[in-house]
Amino acid sequence: MARSARDCLLDCLENLEEGELKRFKVKLNEFPVRPGYANIPRGRLQKADALDLKDLLISFYAEEYAVQLTAEVLRAINCKDRAEELLAATGNSKERLGGRAAPDLKDRQGLQFPNSSNVHFIERHREALIQRTTPVEPVLDKLYGSVLSDEQYQKITAKETNPDKMRELYRLVPSWDLRCKDMLYEALKAKNPHLVKDLEEL
């Protein structure tokens with residue numbers, strides 16, 4: 001049975017020596033992250049052990065980017081072997097460091113990545129989905145608890161107009177993994193089938 005990215009990430013962090021772990025946390029706090037993400041606050045990192053650190057990384061960056069960012073930080077503190085071991089264990093190639101890798105063909109599922117595009121449906125049609133999704137609440141209801149936390153759900157539904165609600169929802173997308181994006185796609189398809197069909201035919 002294949003090991004999850006979370007397990008591989010935890011193994012990697014647990015195998016760091018005390019000094020390496022300390023340097024990793026300092027560098028992680030100041031490391032430039034992708035647009036749409038935030039650095040983990042220093043106060044939350046200082047007392048974090050390997051298990052806490054793994055949870056923080058997944059919480060802030062989702063699995064795929066958490067692995068890539070961890071590898072990038074490890075290389076920055078001269079723990080290149082640890083970085084390569086992590087990437088190999090999670091099935092990532094060295095070329096993924098520092099950039100967003102194209103989704104694997106088997107993950108594209110045809111609908112989310114039609115016409116051999118590497119851009120997910122919900123990212124490719126961002127503007128149209130923000131302007132044309134109505135009503136938004138049924139879509140949010142399908143994401144509640146699995147993709148959206150109660151706090152996120154309340155913040156989005158508090159917006160007055162449908163476009164404003166969708167814009168608030170899209171603020172979360174950069175931190176999502178493929179599973180979360182797929183779930184939004186499925187929710188949109190279930191609640192706004194005609195809109196999704198129109199966009200897929202473009």
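Scanning segment 176-202 for residues that are part of a helix (DSSP H, G or I), among the hydrophobic types (A, V, I, L, M, F, W, C) and within 12 Å of the chain's Cα centre (by Cα), we see that the one that is farthest from Tyr65 (Cα to Cα) is Cys180. Quick one: how many residues across segment 142-154 are over 13 Å from Glu186 (Cβ atoms) and either aliphatic (A, V, I, L, M) or assigned to a helix (DSSP H, G or I) (or both)? The total comes to 6. Against the conditions (1) on the phi > 0 side of the Ramachandran plot; (2) at pLDDT 90 or above, Val73 satisfies every one except (1). Residues in segment 155-166 that are touching an Asp or Glu at 6+ places or on another chain (Cβ under 9 Å), assigned to a helix (DSSP H, G or I) and not polar (S, T, N, Q): Lys155, Ile156, Lys165. Among the numbered conditions (1) touching a residue at least 60 places away in the same chain (Cβ under 8 Å); (2) touching a Leu at 6+ places or on another chain (Cβ under 6 Å); (3) within 25 Å of Lys181 (Cβ to Cβ), the only one that Glu72 does not meet is (1). So, of the residues in segment 127-136 that are in contact (Cβ under 8 Å) with a residue 24 or more places away in the chain and exposed (fewer than 14 other Cβ atoms within 10 Å of the Cβ), which turns out to be nearest to Lys197 (Cα to Cα)? The extreme case among them is Ala128. When the residues of segment 147-185 are filtered to those that are surrounded by fewer than 17 Cβ atoms within 10 Å (Cβ to Cβ) and among the β-branched types (Val, Ile, Thr), the one that is nearest to Ala62 (Cα to Cα) is Val173.
For (1) modelled with pLDDT of 85 or more; (2) more than 16 Å from the chain's Cα centre (by Cα), each residue gets a yes or a no:
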position: Asn92; (1), (2): no, no
position: Gly110; (1), (2): no, yes
position: Ile156; (1), (2): yes, yes
position: Met166; (1), (2): yes, yes
position: Val173; (1), (2): yes, no
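The values are calculated or read from the model by the stated rules, or taken from the named source; none is laboratory data. Note that the structure is predicted; figures quoted are calculated from it, not measured. In this analysis, Cβ positions are derived from the backbone assuming ideal geometry, glycine residues included, and neighbour counts consider all displayed protein chains.
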